[in-house]
1. How many residues, within the range 93-106, are touching a helix residue (DSSP H, G or I) at 6+ places or on another chain (Cβ under 9 Å) and part of a helix (DSSP H, G or I)?
2. Of the conditions (1) over 19 Å from Tyr79 (Cβ atoms); (2) modelled with pLDDT of 95 or more; (3) of a type outside the set (Asp, Glu), Val103 clears all except one; give me its number.
3. For the range 116-152, what are the residues that are assigned to a loop (DSSP other than H, G, I, E, B) and more than 14 Å from Asp176 (Cβ to Cβ)?
4. If I go through the range 56-92 residue by residue, how many of them are among the hydrophobic types (A, V, I, L, M, F, W, C), under 14 Å from the mean Cα position of the chain (by Cα) and not in a helix (DSSP H, G or I)?
5. Consider the range 155-195. How many of its residues are closer than 27 Å to Asn99 by Cβ and either without any contact (Cβ under 8 Å) to a residue 60 or more places away in the chain or part of a helix (DSSP H, G or I) (or both)?
6. What number of residues within the range 93-119 are among the charged types (D, E, K, R) and closer than 12 Å to Gly140 by Cα?
7. Filter the range 196-209 for residues that are part of a helix (DSSP H, G or I) and among the charged types (D, E, K, R); which is farthest from Val32 (Cα to Cα)?
8. Would you check if there is a residue in the range 54-64 being of a type outside the set (Ser, Thr, Tyr), buried (at least 16 other Cβ atoms within 10 Å of the Cβ) and in contact with a strand residue (DSSP E or B) (Cβ under 8 Å, 6 or more places away or on another chain)?
Amino acid sequence: MCWHYDHCEGRTVKGINVLNALYYSGDVSIPVAFEVIRKPILFSEITTRKVKRASMVTKNELMRKMVGQCIQNQLKFLYVLMDCWFAAKENFEFILKKNKHFVAALKNNRLVALSLDDKKQGRFVKVSELELSDKQAVRGWLKGFDDEVLLVRRVFTNKDGSTATLNLVCSDLSCDGEQVATLYQKRWKVEEFHKSLKSNAGLAKSPTRTVTTQHIMFLCPSTLFSSWNV
(Lines give C-alpha, C1' and ligand atoms only; values in the text may rest on other atoms or scores of the structure.)
Protein backbone atom coordinates (compact mmCIF):
# COMPACT_ATOMS: atom_id res chain seq x y z
CA MET A 1 0.00 0.00 0.00
CA CYS A 2 1.84 3.08 -1.23
CA TRP A 3 1.78 5.88 -3.80
CA HIS A 4 1.59 4.99 -7.50
CA TYR A 5 1.37 7.15 -10.59
CA ASP A 6 -2.02 6.78 -12.29
CA HIS A 7 -1.53 7.27 -16.04
CA CYS A 8 -5.29 7.60 -16.62
CA GLU A 9 -5.72 10.32 -13.98
CA GLY A 10 -2.35 11.91 -14.64
CA ARG A 11 -1.57 12.12 -10.94
CA THR A 12 -0.22 10.08 -8.05
CA VAL A 13 -2.73 8.07 -6.02
CA LYS A 14 -2.38 5.93 -2.91
CA GLY A 15 -3.37 2.30 -3.09
CA ILE A 16 -2.37 -1.17 -4.26
CA ASN A 17 -1.09 -1.54 -7.81
CA VAL A 18 -1.78 -4.92 -9.40
CA LEU A 19 -0.58 -6.36 -12.69
CA ASN A 20 -2.96 -8.95 -14.19
CA ALA A 21 -2.79 -11.54 -16.95
CA LEU A 22 -6.17 -12.52 -18.37
CA TYR A 23 -6.63 -15.59 -20.57
CA TYR A 24 -9.32 -15.04 -23.19
CA SER A 25 -10.77 -17.70 -25.47
CA GLY A 26 -14.08 -17.38 -27.27
CA ASP A 27 -16.54 -15.89 -24.79
CA VAL A 28 -14.58 -17.00 -21.71
CA SER A 29 -12.06 -14.80 -19.88
CA ILE A 30 -10.11 -16.20 -16.93
CA PRO A 31 -7.48 -14.52 -14.71
CA VAL A 32 -4.39 -16.73 -14.81
CA ALA A 33 -1.65 -14.68 -13.13
CA PHE A 34 -1.18 -11.53 -11.08
CA GLU A 35 1.61 -9.60 -9.41
CA VAL A 36 1.21 -7.03 -6.65
CA ILE A 37 3.63 -4.15 -7.24
CA ARG A 38 5.93 -3.74 -4.25
CA LYS A 39 8.12 -0.71 -3.58
CA PRO A 40 10.44 -1.65 -0.71
CA ILE A 41 13.32 0.68 -1.70
CA LEU A 42 13.29 4.10 -0.06
CA PHE A 43 15.22 6.92 -1.72
CA SER A 44 15.37 10.69 -1.66
CA GLU A 45 15.38 12.92 -4.73
CA ILE A 46 18.38 15.27 -4.80
CA THR A 47 16.43 18.29 -6.06
CA THR A 48 13.24 18.04 -3.98
CA ARG A 49 14.61 15.92 -1.10
CA LYS A 50 11.28 14.12 -1.04
CA VAL A 51 11.38 10.52 0.17
CA LYS A 52 9.98 8.13 -2.43
CA ARG A 53 9.63 4.39 -2.95
CA ALA A 54 10.85 2.22 -5.81
CA SER A 55 10.42 -1.40 -6.93
CA MET A 56 13.25 -3.90 -7.12
CA VAL A 57 11.89 -5.19 -10.46
CA THR A 58 10.16 -3.34 -13.27
CA LYS A 59 6.60 -3.96 -14.47
CA ASN A 60 8.05 -5.15 -17.78
CA GLU A 61 10.07 -7.81 -15.97
CA LEU A 62 6.96 -8.89 -14.06
CA MET A 63 4.99 -9.05 -17.30
CA ARG A 64 7.58 -11.32 -18.90
CA LYS A 65 7.56 -13.49 -15.78
CA MET A 66 3.78 -13.93 -16.00
CA VAL A 67 3.88 -14.76 -19.73
CA GLY A 68 6.62 -17.30 -19.05
CA GLN A 69 4.58 -18.83 -16.24
CA CYS A 70 1.53 -19.16 -18.52
CA ILE A 71 3.67 -20.97 -21.10
CA GLN A 72 5.13 -23.23 -18.40
CA ASN A 73 1.58 -24.04 -17.28
CA GLN A 74 0.91 -25.15 -20.89
CA LEU A 75 -1.82 -22.61 -21.60
CA LYS A 76 -2.66 -22.70 -25.29
CA PHE A 77 -2.48 -19.23 -26.79
CA LEU A 78 -0.90 -17.55 -29.79
CA TYR A 79 -1.12 -13.79 -29.10
CA VAL A 80 -0.08 -11.59 -26.19
CA LEU A 81 -2.13 -8.37 -26.13
CA MET A 82 -0.81 -5.34 -24.25
CA ASP A 83 -1.14 -1.58 -24.03
CA CYS A 84 1.57 0.93 -24.88
CA TRP A 85 3.18 0.77 -21.41
CA PHE A 86 4.47 -2.72 -22.23
CA ALA A 87 5.40 -2.12 -25.88
CA ALA A 88 9.11 -2.47 -25.15
CA LYS A 89 11.75 -4.12 -27.32
CA GLU A 90 12.68 -6.59 -24.57
CA ASN A 91 9.07 -7.72 -24.24
CA PHE A 92 8.69 -8.16 -28.01
CA GLU A 93 11.88 -10.22 -28.26
CA PHE A 94 10.88 -12.36 -25.28
CA ILE A 95 7.45 -13.15 -26.75
CA LEU A 96 8.87 -14.07 -30.17
CA LYS A 97 11.48 -16.35 -28.59
CA LYS A 98 8.61 -18.20 -26.91
CA ASN A 99 7.07 -18.80 -30.37
CA LYS A 100 4.17 -16.42 -29.66
CA HIS A 101 3.00 -13.27 -31.39
CA PHE A 102 2.28 -9.83 -29.91
CA VAL A 103 -0.28 -7.13 -30.59
CA ALA A 104 0.42 -3.87 -28.77
CA ALA A 105 -0.55 -0.22 -28.78
CA LEU A 106 2.18 2.30 -29.59
CA LYS A 107 2.77 5.78 -28.27
CA ASN A 108 2.42 8.45 -30.94
CA ASN A 109 6.13 9.36 -30.77
CA ARG A 110 7.33 5.82 -31.53
CA LEU A 111 9.71 5.91 -34.50
CA VAL A 112 9.10 3.65 -37.51
CA ALA A 113 10.45 3.07 -41.01
CA LEU A 114 8.33 1.72 -43.88
CA SER A 115 11.18 0.26 -45.93
CA LEU A 116 14.32 -1.70 -45.20
CA ASP A 117 16.39 0.95 -46.95
CA ASP A 118 14.92 3.70 -44.72
CA LYS A 119 15.71 1.57 -41.68
CA LYS A 120 19.34 1.05 -42.75
CA GLN A 121 19.73 4.77 -43.49
CA GLY A 122 18.17 5.75 -40.17
CA ARG A 123 15.24 7.52 -41.80
CA PHE A 124 12.53 7.06 -39.17
CA VAL A 125 9.31 9.01 -38.65
CA LYS A 126 6.82 9.16 -35.82
CA VAL A 127 4.11 6.54 -36.16
CA SER A 128 1.50 9.29 -35.71
CA GLU A 129 2.77 10.96 -38.92
CA LEU A 130 1.91 7.98 -41.12
CA GLU A 131 -1.03 8.65 -43.43
CA LEU A 132 -3.20 5.61 -42.73
CA SER A 133 -6.96 5.13 -42.78
CA ASP A 134 -8.94 3.16 -40.20
CA LYS A 135 -7.77 -0.49 -40.00
CA GLN A 136 -5.23 0.04 -42.77
CA ALA A 137 -2.11 -2.09 -42.31
CA VAL A 138 1.41 -1.52 -43.63
CA ARG A 139 4.62 -3.40 -43.05
CA GLY A 140 7.53 -1.63 -41.41
CA TRP A 141 10.19 -1.60 -38.73
CA LEU A 142 10.30 -0.12 -35.25
CA LYS A 143 13.47 1.75 -34.37
CA GLY A 144 15.73 -0.52 -32.32
CA PHE A 145 13.77 -3.68 -33.15
CA ASP A 146 15.16 -6.04 -35.81
CA ASP A 147 12.06 -7.90 -36.98
CA GLU A 148 9.60 -6.63 -39.56
CA VAL A 149 6.18 -5.84 -38.10
CA LEU A 150 2.68 -4.89 -39.14
CA LEU A 151 1.55 -1.34 -38.33
CA VAL A 152 -2.19 -0.67 -38.08
CA ARG A 153 -4.11 2.56 -37.47
CA ARG A 154 -7.46 2.70 -35.64
CA VAL A 155 -9.62 5.82 -35.97
CA PHE A 156 -12.40 6.55 -33.49
CA THR A 157 -15.05 9.24 -33.19
CA ASN A 158 -15.54 10.53 -29.64
CA LYS A 159 -18.88 11.49 -28.13
CA ASP A 160 -18.11 15.18 -28.68
CA GLY A 161 -17.52 14.55 -32.37
CA SER A 162 -13.73 14.80 -32.20
CA THR A 163 -11.50 12.17 -33.79
CA ALA A 164 -9.00 9.99 -31.92
CA THR A 165 -6.43 7.56 -33.27
CA LEU A 166 -4.74 4.47 -31.90
CA ASN A 167 -1.61 2.97 -33.47
CA LEU A 168 -1.07 -0.77 -33.19
CA VAL A 169 1.85 -3.08 -33.93
CA CYS A 170 1.60 -6.81 -34.63
CA SER A 171 4.35 -9.38 -35.15
CA ASP A 172 2.12 -11.74 -37.18
CA LEU A 173 2.67 -10.64 -40.78
CA SER A 174 -0.05 -13.00 -42.02
CA CYS A 175 -2.75 -10.80 -40.44
CA ASP A 176 -4.53 -7.90 -42.08
CA GLY A 177 -5.70 -4.66 -40.47
CA GLU A 178 -9.17 -5.99 -39.68
CA GLN A 179 -7.74 -9.04 -37.87
CA VAL A 180 -5.28 -6.96 -35.83
CA ALA A 181 -8.04 -4.54 -34.81
CA THR A 182 -10.29 -7.44 -33.74
CA LEU A 183 -7.49 -9.07 -31.78
CA TYR A 184 -6.55 -5.92 -29.89
CA GLN A 185 -10.17 -5.20 -29.02
CA LYS A 186 -10.12 -8.34 -26.87
CA ARG A 187 -7.57 -6.65 -24.57
CA TRP A 188 -10.42 -4.54 -23.18
CA LYS A 189 -11.53 -7.64 -21.24
CA VAL A 190 -8.79 -6.98 -18.68
CA GLU A 191 -10.19 -3.47 -18.07
CA GLU A 192 -13.64 -5.01 -17.49
CA PHE A 193 -12.00 -7.46 -15.10
CA HIS A 194 -10.41 -4.64 -13.09
CA LYS A 195 -13.74 -2.83 -12.90
CA SER A 196 -15.44 -6.03 -11.73
CA LEU A 197 -12.84 -6.54 -9.02
CA LYS A 198 -13.59 -3.09 -7.65
CA SER A 199 -17.38 -3.25 -8.02
CA ASN A 200 -18.18 -6.89 -7.18
CA ALA A 201 -15.31 -7.85 -4.88
CA GLY A 202 -14.87 -4.47 -3.18
CA LEU A 203 -11.09 -4.49 -3.54
CA ALA A 204 -10.99 -0.70 -3.63
CA LYS A 205 -12.34 -0.73 -0.06
CA SER A 206 -10.27 -3.63 1.21
CA PRO A 207 -9.51 -3.42 4.97
CA THR A 208 -6.34 -5.53 4.62
CA ARG A 209 -3.11 -4.05 5.91
CA THR A 210 -0.42 -6.75 5.64
CA VAL A 211 1.19 -8.14 2.49
CA THR A 212 -0.17 -11.65 3.21
CA THR A 213 -3.79 -10.60 3.70
CA GLN A 214 -3.64 -8.29 0.69
CA HIS A 215 -2.44 -11.17 -1.51
CA ILE A 216 -5.22 -13.41 -0.21
CA MET A 217 -7.78 -10.70 -0.94
CA PHE A 218 -6.65 -10.58 -4.57
CA LEU A 219 -6.27 -14.34 -4.99
CA CYS A 220 -9.71 -15.33 -3.68
CA PRO A 221 -11.82 -13.07 -5.98
CA SER A 222 -9.74 -14.21 -8.96
CA THR A 223 -10.48 -17.84 -8.11
CA LEU A 224 -14.19 -17.10 -7.78
CA PHE A 225 -14.31 -15.26 -11.10
CA SER A 226 -12.61 -18.21 -12.80
CA SER A 227 -15.36 -20.51 -11.53
CA TRP A 228 -18.11 -18.14 -12.66
CA ASN A 229 -16.69 -17.80 -16.16
CA VAL A 230 -16.07 -21.51 -16.63
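1. 2
2. (1)
3. Residues satisfying the conditions are Gly122, Arg123, Phe124, Leu130, Glu131, Lys143, Gly144, Phe145, Asp146, Asp147, Glu148.
4. Counting residues in the range 56-92 that are among the hydrophobic types (A, V, I, L, M, F, W, C), under 14 Å from the mean Cα position of the chain (by Cα) and not in a helix (DSSP H, G or I) gives 5.
5. Going through the range 155-195 one residue at a time, the tally reaches 17.
6. At the first step, the residues of the range 93-119 found to be among the charged types (D, E, K, R) are 93, 97-98, 100, 107, 110, 117-119.
Going one step further and asking which of them are closer than 12 Å to Gly140 by Cα, we end up with 117-119.
Residues flagged as among the charged types (D, E, K, R) and closer than 12 Å to Gly140 by Cα within the range 93-119 amount to 3.
7. Among those residues, the one meeting the criterion is Lys205.
8. Scanning the range 54-64, I find at least one residue that is of a type outside the set (Ser, Thr, Tyr), buried (at least 16 other Cβ atoms within 10 Å of the Cβ) and in contact with a strand residue (DSSP E or B) (Cβ under 8 Å, 6 or more places away or on another chain), so the answer is yes.
The values are calculated or read from the model by the stated rules, or taken from the named source; none is laboratory data. Small disclaimer: the values here were computed from a predicted structure and weren't measured. Glycine gets a Cβ as well: all are built from the backbone with ideal geometry, and neighbour counts include every protein chain shown.
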